[in-house]
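The values are calculated or read from the model by the stated rules, or taken from the named source; none is laboratory data. Bear in mind the structure is a predicted one, so any value in this text is a computation, not a measurement. All Cβ positions, even for glycine, are placed from backbone atoms using ideal geometry, and neighbour counts span all protein chains on display. These accessible areas exclude ligands, DNA and RNA; they are computed on the full protein's heavy atoms, side chains included. Shrake-Rupley method; radii C 1.70, N 1.55, O 1.52, S 1.80 Å.
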Amino acid sequence: MEIVFVVAIAENGIIGAGNALPWRLKSDMARFKALTIGKPVIMGRKTFESLPGRRPLANRTNIVITRDADYRAPGAIVVTSAAAAGSVALGDALRRSAAEIAVIGGAEIFRQWLDRADRLEITEVHARPDGDTHFDVDKAMWEETERVRHPAGPEDSAAFSYVTYRRRPSH
Ligand SMILES: NC(=O)c1ccc[n+]([C@@H]2O[C@H](COP(=O)([O-])OP(=O)(O)OC[C@H]3O[C@@H](n4cnc5c(N)ncnc54)[C@H](OP(=O)(O)O)[C@@H]3O)[C@@H](O)[C@H]2O)c1
């Protein structure tokens, strides 16, 4: 079972601002959907609350991690540890015959899961926005296997590149 990060990162490492995304990238939303549909998706409580209408992502098993055992997120599975998130996600992926578990943020969750990730699907956003949440990847540990640059579309606030990284064998 592969654990895959799906994340958009600006050139200055920013991934979020005020619990939202500091850009508008309609093209990337389509890619996010394509990479995650039909799979379990693991996210932190803050990222869940940043989703439009605080509604779970459709056609995916939404697994929300919080330390608050009383937290409720209708339509999502709430867990109180990374270990619980991992076992719920594994069971769900097996039931769905999905080959991957997607970890979709935010920064706190990415940092905790990075050691377990097999592949990173990164959208490099060619902008340097202000923000309060950042995430960096140590490129010494990850090998870039694919990179495709795209100009900004009509509903995109910046140009961007889709980049795939796989963990280097010794890491
Ligand atoms: N650019 C992107 O691709 C992308 C993707 C996702 C999110 N974002 C952005 O990132 C920001 C949110 O990221 P964030 O780092 O602030 O928050 P986050 O990772 O989404 O959520 C953090 C919360 O997760 C819970 N948590 C974390 N580790 C836990 C553990 N080991 N056990 C139990 N609960 C745990 C805690 O919830 P409680 O406080 O409830 O205990 C914690 O406050 C937003 O701006 C969002 O828009 C960007």
Net charge (Lys, Arg +1; Asp, Glu -1) of residues whose beta-carbon lies under 13 Å from that of ALA140, ALA140 excluded, is -1
The extension gain from ARG55 to ALA69, computed as 0.36 nm times the residue separation minus the Cα-Cα distance, is 3.1 nm
Checking segment 66-171 for GluC sites (Glu not before Pro) in a loop per DSSP with at most 13 other beta-carbon atoms within 10 Å yields GLU155
Expressed in angstrom and rounded, the centroid-to-centroid distance over alpha carbons for segment 126-164 and segment 54-121 is 23 Å
FRET efficiency (HIS134, SER97; Cβ distance; R0 30 Å; to 0.05) is 0.25
Given a Förster distance of 22 Å, the FRET efficiency implied by the Cβ-Cβ spacing of ILE37 and GLU2, rounded to the nearest 0.05, works out to 0.90
Heavy-atom accessible area of segment 2-167 with neighbours in place, 1.4 angstrom probe: carbon+sulfur share in percent works out to 51 percent
For the chain, the per residue accessible area (1.4 Å probe, Å²) is 52 Å²
When the charge dipole of segment 42-171 is computed with +1 at the Cβ of Lys and Arg and -1 at the Cβ of Asp and Glu, the Cα pointing farthest to the positive end, of THR133, PHE160, MET43, is that of MET43
Sparse-neighbourhood loop hits (GluC sites (Glu not before Pro), segment 1-89; DSSP loop; Cβ within 10 Å at most 14 others) -> GLU11
In whole percents, the bins of 10 Å from zero upward hold the Cα-Cα pairs of segment 72-171 as 12, 35, 35, 18, 0
Amide H proximity to ALA8 below 5 Å, modelled H, separation 5+ or other chain, gives THR123
Of segment 93-125, those with amide N under 19 Å from the point 7 Å along the Cα→Cβ vector of MET141 are 101-123
Partner lysines whose C-alpha sits under 25 Å from that of LYS26, ignoring same-chain residues fewer than 8 away, are LYS39, LYS46
Other residues with Cβ under 10 Å from the Cβ of VAL125 give, with Lys and Arg +1 and Asp and Glu -1, a net charge of -3
Taking every DSSP bridge whose two residues both lie in the chain, the antiparallel percent to the nearest 5 is 50 percent
